[in-house]
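Participant: First, the structure itself, so that you have it in front of you.
The values are calculated or read from the model by the stated rules, or taken from the named source; none is laboratory data. Quick caveat: nothing in here was measured; it's all calculated off a predicted structure. Heads up, the Cβs are rebuilt from the backbone with ideal geometry, glycines too, and the neighbour counts pull from every protein chain shown. The area values use the complete protein model at the heavy-atom level, side chains included, leaving out ligands, DNA and RNA. Shrake-Rupley method; radii C 1.70, N 1.55, O 1.52, S 1.80 Å.
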Amino acid sequence: MSFVNMRRKLLLGNWKMNKLVSEAKEFAIASRPLAEKAKANNIDLGVSPTYLSLAAVKENASKDMIVAAQNVHFNDHGAFTGEISIPMLLELGITWCLIGHSERRAYDNETDEKCNLKIKALIANKMIPVYCVGETLDEFEAGKTKEVVSRQVKVGLKDLTKEDVKDLVVAYEPVWSIGTGKNASTEIAEDVCGYIRSVLKEMFGEMSEEIRILYGGSVKPENIKAYLSCPDIDGALVGGASLKQDSYEGLLTNIL
Ligand code: 13P
């Protein structure tokens, strides 16, 4: 590639359904020096706690720590039992949100169309979506990876303008590599992330060079550097290895 990659690295921990509020708060406090270290090295660092822990993490973490919700509803309010809205997140100062994580797609009927409604609502509120895409093991084995991620990107991001997607983040997480220890090889990860960028280019032209693409799936302190050395991989979305303070620190330290 001939262009100079100006995209800032982004390391985001997805805590999924882990940590009590007290544990999340403790982690936020203990991570303050890490957030400052990341900033000094031009790396964006963040975590995505459960809804219940968002306020405690936001209040106790360094102001440089990104705090992202794991999901949101696309309506502002109403009769949607069990849901949380964008104004509720904004009241806590939360401006980032994961959308379309494969666990939500698998267990909560999160479709590409629903992701699109959520992404549009977030962008309309100047929030930053981290849109997760990725194929299942069956799709991978059937050679359908690119077909699947192309559909997810095209439908999830439909009706958006170039300006809308300037801060958007896409996370490529092959479902077969999540929590399994079977991480995708750097060749596969780079090939798919590069392909995602080409789909973004078809949709948004040169703005595709600004959009950060993360890899996720069994990322550990030992393998993170190899992923981030790939030209189209701008960061990592990390589950298991982001839960313990020393391993979270190791992820950052190994990409400084
Ligand atoms: P693991 O890092 O535990 O494989 O999880 C990846 C993930 O789903 C992050 O969103």
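Participant: Using a 1.4 Å probe on the protein chains only, how many percent of the accessible area of the chain belongs to carbon and sulfur?
Facilitator: Reported share for carbon and sulfur atoms: 53 percent.
Participant: Mind listing the long-range amide H neighbours of His101? Cut-off is under 5 Å, sequence gap 5 or more, other chains count too, H placed in the peptide plane at 1.01 Å from N.
Facilitator: Amide H neighbours of His101: Cys132.
Participant: So what is the relative contact order of the chain, in percent, for Cα pairs below 8 Å that sit 6 or more residues apart?
Facilitator: 19
Participant: Check which residues have an amide H placed less than 5 Å from Lys9's amide H, if you skip close sequence neighbours.
Facilitator: Asp44
Participant: Would you grab the residues whose amide H sits under 5 Å from the one on Ala68? Only those 5+ places off in sequence or on another chain, please, with H modelled 1.01 Å from N.
Facilitator: Val47, Ser48
Participant: Starting from the 7 Å offset along Cα-to-Cβ, what nm value, one decimal, do you get for the label separation of Ser185 and Glu23?
Facilitator: 3.6
Participant: Once phi is turned into θ = phi - 60°, what whole-Hz ³J(HN,Hα) does the Karplus curve with 6.51, -1.76 and 1.60 give for every residue of the range 62-74, x standing for Gly and Pro?
Facilitator: Residue by residue, the range 62-74 yields 4, 5, 7, 7, 6, 10, 10, 6, 9, 5, 7, 8, 8 Hz.
Participant: Could you work out how much longer the chain between Leu52 and Asn254 gets when fully extended? Use 0.36 nm per residue separation minus the Cα distance between them, nm to one decimal.
Facilitator: Length difference between fully extended and current span is 69.7 nm.
Participant: Say the cut-off is 19 Å between C-alpha atoms; which of Lys37/Lys166; Lys25/Lys244; Lys58/Lys162; Lys154/Lys225 go over it?
Facilitator: With Cα atoms farther than 19 Å apart: Lys37/Lys166; Lys58/Lys162; Lys154/Lys225.
Participant: When ligands, DNA and RNA are left out and all protein chains stay put, how many square angstrom of accessible area per residue does the chain have with a 1.4 Å probe?
Facilitator: Per-residue value: 46 Å².
Participant: Here's a follow-up. Label Met6 and Ala79 with points 7 Å out from Cα along Cα→Cβ: what is the distance between them in nm?
Facilitator: 5.0
Participant: Here is a further query. If each of Asn42 and Thr111 carries a label point 7 Å out from its Cα toward its Cβ, how far apart are those two points in nm?
Facilitator: For Asn42 paired with Thr111, the spin-label model returns 4.3 nm.
Participant: Let me know the Rg and Dmax you get for the chain when you use only its Cα atoms, in Å.
Facilitator: In Å, with Rg to one decimal and Dmax whole: 16.9, 51.
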